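The values are calculated or read from the model by the stated rules, or taken from the named source; none is laboratory data. Everything quoted here is computed from the prediction, not taken from an experiment. Ideal geometry is used to build each Cβ from the backbone, glycine not excepted, and the neighbour counts take in all protein chains shown.
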Amino acid sequence: MVDTMEKEYKENHDFLEAEGLTMHFPAKRDSLGRPVSWIHAADDVSFRVPKGKTLGVVGESGCGKSTVGKMLLNIYRPTSGKIYYEGTELTGLAPRERRPYVKRMQLVWQDPYSSLDPRLRAGDIIAEGIDNFHLAASAAQRRERVEQLMTMCGLYPEQAGNYPHQFSGGQRQRICIARALATDPEFIVCDEAVSALDVSIQAQIINLLKDLQDELSLTYLFISHDLNIVHFISDEIIVMYLGQIVERGTMEKVYQNRAHPYTKALFSATPAFTAAEKQHKTRIILEGDVPSPVDPPKGCRFRSRCPYAERRCEEEPQWHEVESGHFVKCRLFD
Amino acid sequence: MDHREPLLEVADLSVDFRMDRRTLLHAVRHVSFQVHPGETLGIVGESGCGKSVTCMSILRLNPERRTRYPTGRILFEGQDLMQMSPKQLSAIRGSEISMVFQEPMTAMNPLFTIGDQMMEVLHIHNRKMEKSAAYEACLDAIRKVKIPNPERIMKSYPFTLSGGMRQRVMIAMAMVAKPKLLVCDEPTTALDVTIQAQVLDLMNQLKQEAGTAIIFITHDLGVISEMADRVLIMYGGRICEEAAVDELFTRPRHPYTTGLIQSHPGPDYQGKRLRMIPGSVPTLKDMPEGCPFNNRCQYATEACSAAFPEFETVSAGHTVACHHWKTTPKDE
Amino acid sequence: MKDQKQFKKMVHSSRDSLFADVVKRYMRNPAAVIGAVLLLVVLFVCLFVSLLIPEEMVTAYDSAARLTPPSAQHWFGTDNLGRDIFTRVLYGARITVGIGVGATLTSLVIGAAIASVCALFKKADLVIMRVIDIVTCIPSILLALVLLAIMGGSVFNMMVTLTIVSVPGFALRIRAVVLGVVDQDYIHAARVSGTTPVKLVLRHILPNAIDPIIVDATMTISSMMLSAAGLSFIGVGVAPPAPEWGAMLNYAQQYFQAAPYMALFPGAAIALTALSINLVGDGLRDALDPKTDH
C-alpha cells in the first residue's frame, strides 16, 4: 500500500531529490586532531521537492534544517547520501561537472546584514553571478541586467552604487534575492529568509517571493522556524526534529491532521493570534529541552520529551502513511 | 478604566540620545502610560520604535552619558524615580522593580555561579538577611520556575545551561526579591517556540501566584495576545494606540496597528497575498515630522505631517493618536 | 515627494570608482595626510638622494672636523670620524627604509598567500600549521644570526633574512583574520553564486581581512627597521661604513655625552619614519572601510 503511494509521489516529484542525506560534524577532537565524537546535524534525510512548488522545512534550532539546505547547495559536503537534480546525481560529480548546477540552484540567506560583502557596492554584489558565468556580453548589458533585477525586486536601480550598510534590513534582503536571481536559477533555498526582519517588512518580502515564483516559475525550499509563515507559503512541508524528518506531506493535510506528537506540540506552541484561533486551541507544553545532537536518544529521537513515549520507542520507528500524501514516522501508527 | 492607584505612572516621558555635537536623536517622545498592580501591560513595536528605551528609562539604565530626559515624570508608588539619587534608585532596582532581558547570557556574569549572583540580589535588597535564609529563598525561587534539582543549579555557571534554562534562571533571579513590577524586554525572542511556550506558561503562573505587575515588551503580536491584559502600540518613539488586548485585536483603529495585524500570515490567508505596509521602518535619524507613520500611511494628509495627533478616546480604555481614526475602515 | 527627496540623498554618485572613493575618504583624515606627506618626503629622499649629494660624500671624512656640532657647513654636525651626519642620514634612508619596507612587503605577500591556502584547503592547513609550529620553535634572533652568518652581511641578505624570520608570524596572524572572514555568510554566498576560489580570495576574503593586516604590516615595518639596526650592531648586519640608521645610532652611544646630536638625528629619522608609516596605516584602514563614510 505504502509502496504504490510512494511510487506515485515519486513520479510527481522527480525534480530534486535528496536520498539519505547525513551530515556529521566533528564535535571533539583528540590531540592529533582526529574527531572522537560527532554532532549528528542531519541523519538519513530523504525528501523530494515538487517542481514549481514550495517545500517548507520547519523545526527548532539544531534540528538540521539549515544543514539540509546547505548540503543541497554544496556548502557542506554530506557525510553520506545522494542528491539528484532532474535525475543527475550531483553528489558524485567533479567540481567542474557540478558547475552548471551551481548556476541553477541559489540561496537566500537568513541574516541580510552578514550575507552581503560590506566592501562591495549593491550593483556589484548582484552582478557577481553574472560575472562568474559570463552571462553578459558587455558592460552595458551587465548594467541593464542589474537594473532589471533591482527593479524586479523592488529596488531603485539608482541605488546600485550604494554600499550594503546604506540600506535598511528589508532592502538588503531584496539585494540578496536579486543576487540569487542573477544566474536565472530554477531552484532557490530560502534559509530563514524573513526571520531577521520587522513584521511589517516580512510581509513585503514574502509577497515578493510569491510574485517571483509565479513570474519565473521558481521552486523553493523554504526553511523557517515560523509555522505561520511556512503554512502561508508552502505547498508541502517536512517537519524535522534533531536531525531527522518526523512528518512530511501536503501542507494542508499536515496542518489539518497533525499526526506526530512533535508536530502537534510545535503547532500548538505557536502563539494564537486572533480570538477565534485562541478558542479552539489546546496547548501542549513539552517538558524539558532538546537533547544534545552529539548523543541523540536511540530509536525515536523525540521520545525523551514525548508525552506518549513507551518502551518500544527505543527501537527505530518506521514510516507510516496517515492518508494519501501524508507520512509520519512514529510508533503510535504501528 | 481601573480606578485603583496605579503602581507605575509614566507621564510625558521623552528621551534623547546625544550622538555627537550636532546630532540629537529623539528616541522617545511624550509617552504616557500607567501600570496597575497585578496587570500585564504589553508594549509592541518594531525595531527602533522606542519600546526598549522607554522601559530602560524606568530604571534609568540607558547609557548615562549620552541620554537626556527633556520632559517627563516616572512615578512608582507615588515617588518620582527621575528625581532619585543613584543610591536610592539602586535600592529599588532588583527588589521593587526587576528586569528580564532578551539574552540572559549577557545579563549574567560568567565568572560567578548562579547561586552567588542570586544571593547578591537578596543581599542588596536586605543586608541583614541570614545567609541560610537567603540560600533557602533562592532554592525556593528556582523551584518555582520548575527547574529540577535546584541545588545543582545554584552551583553551576551560566554558560553551562541551555537557552531555555537560562531564561528561567533569569526569571527566578528577577523574582527572588519578590518585586512589585517585572519588566521583560523580549524575554522569549531568542528561544525556540516549544521552549517559548514553556516560559510564557511559567510567567503566567508566577504572575497569578505572586500578583506581580509585568511590562512585557515584544515585537511578536502572537505572544502579546497570549500574555497581555492591555497593549500599547509604539511607532517612531510615540505611542499610537492603547487598548485592552481583545479590543485591540478585534477593533484596531490606528492604520499602523491594522497594518501590523494584517501583515501577519494567519491560517485564513492561505494562498492569498499578504496585506503589507509599504516602505521601510524609519531610523531615528530620518523620522518624518508630525505623525511618524505619515510616509507609510495610506490615509495620510497634510495634517499628518503638520502635527502629531492628539489622543482621542474610542471607547473606555481605548485611545488612539490618529487624525483620521474615524474614517479608517473598521476591521472586524 | 518626501520619499523622493530622502531617496535622492541616499543615492551615491555611482560613477566614482572604488579607488576614487578610497582616496576621497583618505583625504578627510588630516593626520593621515600629514603621515602621507612625511612618508613621501622619505621616499623622495630614498629615490633621489644621489642627485642631490654625490655618493662619495657618505664615506668622505674630514679628520680636522671630528664631532663638530651642527653648523652651516655640517647641518647635522659630524661624527667621530669627521663624516657629515646629514649626508649619512639621507643615504641611510635608502638602506633602513628599504630593508623595512622590502622585507615587510615580501613577507606580507608570502604570508597572505600561505594564509589563503590554509583558509581554503583544510588538509593543506593542517600540514602548513605543523611546519610553522616547528619553525617558530627556533628563536628568531638565532635563526637570523645563523642565516646571516652563512650568507654574509649585505643589504639584500639582511632583507632575505628578515623576510624568512617574519613569514611564519605573518602567516599565523593573517590566517587568524582570514579564518574569521572565511566563515562569514557573504563568503558562502559568493561561493553559491559560482565564484572560483582564487577570485574568492582576491575579491572577498583579503579585502575584508585587510584592516588588521595593514595595521600589523605598518607596525612590522618599524620593528623590522629596529631589527636591522640591532643585527648591524651585533656585527652580522650591514657592514660598518654603510650609513644604516640603527648602526649609526649604536655607534653614537659611546659619544653620547660629548656629541648627543650623533644619536639625535638618526634617532629622529627612525622615529619620524615609523610615525609616518603608522599614520598612513591608520588612515588606509579607515579609508578602505566604506562604513566610515558619513
Per the filter on segment B:62-76, residues within 16 Å of residue B:19 (Cα to Cα) and either of a type outside the set (D, E, K, R) or part of a strand (DSSP E or B) (or both) are B:62, B:63, B:67, B:68, B:69, B:70
Please state which one of A:196, A:180 is crowded, with 17+ Cβ neighbours inside 10 Å, under 30 Å from residue B:296 (Cα atoms), in contact with a strand residue (DSSP E or B) (Cβ under 7 Å, 6 or more places away or on another chain) and within 13 Å of chain C (Cβ to nearest Cβ). A:180
Could you list all residues from segment A:7-36 that are at pLDDT 85 or above and either within 22 Å of residue A:65 (Cβ to Cβ) or surrounded by 14 or more Cβ atoms within 10 Å (Cβ to Cβ) (or both)? A:15, A:16, A:17, A:18, A:19, A:20, A:21, A:22, A:23, A:24, A:25, A:26
Here the residues within segment B:263-311 that are part of a helix (DSSP H, G or I) and at pLDDT 85 or above are B:302, B:303, B:304, B:305, B:306
Collect the residues in segment B:97-125 that are among the polar types (S, T, N, Q) and surrounded by 14 or more Cβ atoms within 10 Å (Cβ to Cβ), keeping them in residue-number order. B:98, B:102, B:113, B:117
Positions within segment C:70-86 being surrounded by fewer than 18 Cβ atoms within 10 Å (Cβ to Cβ) and small (Gly, Ala, Ser), in sequence order: C:71, C:72, C:82
For residue C:195, all conditions in the list (1) in a helix (DSSP H, G or I); (2) among the β-branched types (Val, Ile, Thr); (3) within 12 Å of chain A (Cβ to nearest Cβ) hold save one; what is the number of the exception? (1)
Of everything in segment C:256-293 that's touching a residue at least 60 places away in the same chain (Cβ under 8 Å) and not in a helix (DSSP H, G or I), which residue is surrounded by the fewest Cβ atoms within 10 Å (Cβ to Cβ)? C:258
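For (1) within 11 Å of another protein chain (Cβ to nearest Cβ); (2) out of contact with any Gly (no Cβ under 7 Å at 6 or more places or on another chain); (3) at positive phi, each residue gets a yes or a no:
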{"site": "B:183", "(1), (2), (3)": "no, yes, no"}
{"site": "B:199", "(1), (2), (3)": "yes, no, no"}
{"site": "B:212", "(1), (2), (3)": "no, yes, no"}
{"site": "B:216", "(1), (2), (3)": "no, no, no"}
{"site": "B:226", "(1), (2), (3)": "yes, yes, no"}
Test each condition in (1) in a helix (DSSP H, G or I); (2) basic (Lys, Arg); (3) more than 21 Å from the chain's Cα centre (by Cα) for residue A:70 and report the one that comes out false. (3)
Anything in segment A:214-240 that is in a helix (DSSP H, G or I) and of a type in the set (A, V, I, L, M)? List them, or say none. A:216, A:227, A:229, A:230, A:233
What tally of residues in segment A:213-223 results from selecting those that are within 13 Å of chain B (Cβ to nearest Cβ) and surrounded by fewer than 23 Cβ atoms within 10 Å (Cβ to Cβ)? 2
Here the residues within segment B:14-31 that are of a type in the set (A, V, I, L, M, F, W, C) and out of contact with any Leu (no Cβ under 8 Å at 6 or more places or on another chain) are B:15, B:24
From the options A:143, A:104, A:119, residue that is out of contact with any Cys (no Cβ under 8 Å at 6 or more places or on another chain), within 24 Å of residue C:19 (Cα to Cα) and more than 8 Å from chain C (Cβ to nearest Cβ): A:143
Determine whether segment B:231-249 contains at least one residue that is in a loop (DSSP other than H, G, I, E, B), buried (at least 24 other Cβ atoms within 10 Å of the Cβ), within 13 Å of chain A (Cβ to nearest Cβ) and more than 17 Å from the chain's Cα centre (by Cα). no
Of the conditions (1) among the aromatic types (Phe, Trp, Tyr); (2) closer than 30 Å to residue B:247 by Cα; (3) in contact with a Lys or Arg (Cβ under 9 Å, 6 or more places away or on another chain), residue A:255 clears all except one; give me its number. (3)
For residue A:147, work out the one condition from (1) farther than 22 Å from residue A:216 by Cα; (2) at pLDDT 90 or above it doesn't fulfil. (1)
If I filter segment B:271-328 down to residues being within 23 Å of residue A:170 (Cα to Cα) and among the polar types (S, T, N, Q), which single residue comes out as farthest from the other protein chains (Cβ to nearest Cβ)? B:298
Residues to consider are A:122, A:139; find the one that is over 19 Å from residue C:196 (Cβ atoms), surrounded by fewer than 18 Cβ atoms within 10 Å (Cβ to Cβ) and modelled with pLDDT of 90 or more. A:139
For segment A:242-334, which helices (runs of 4 or more DSSP H) that fit wholly inside it have 3 or more residues that are in contact (Cβ under 8 Å) with a residue 12 or more places away in the chain and not small (Gly, Ala, Ser)? A:251-256, A:261-269
Just one of C:101, C:127 is under 30 Å from residue C:41 (Cα atoms) and out of contact with any Asp or Glu (no Cβ under 6 Å at 6 or more places or on another chain); which is it? C:101
Confirm whether residue B:141 is touching a residue at least 40 places away in the same chain (Cβ under 8 Å) and of a type in the set (A, V, I, L, M, F, W, C). no
Between a residue in segment A:29-46 that is more than 13 Å from chain C (Cβ to nearest Cβ) and without any contact (Cβ under 8 Å) to a residue 40 or more places away in the chain and any residue that is part of a strand (DSSP E or B) and aliphatic (A, V, I, L, M), which pairs come within a Cβ distance under 6 Å, given they are 6 or more apart or on different chains? A:30/A:36
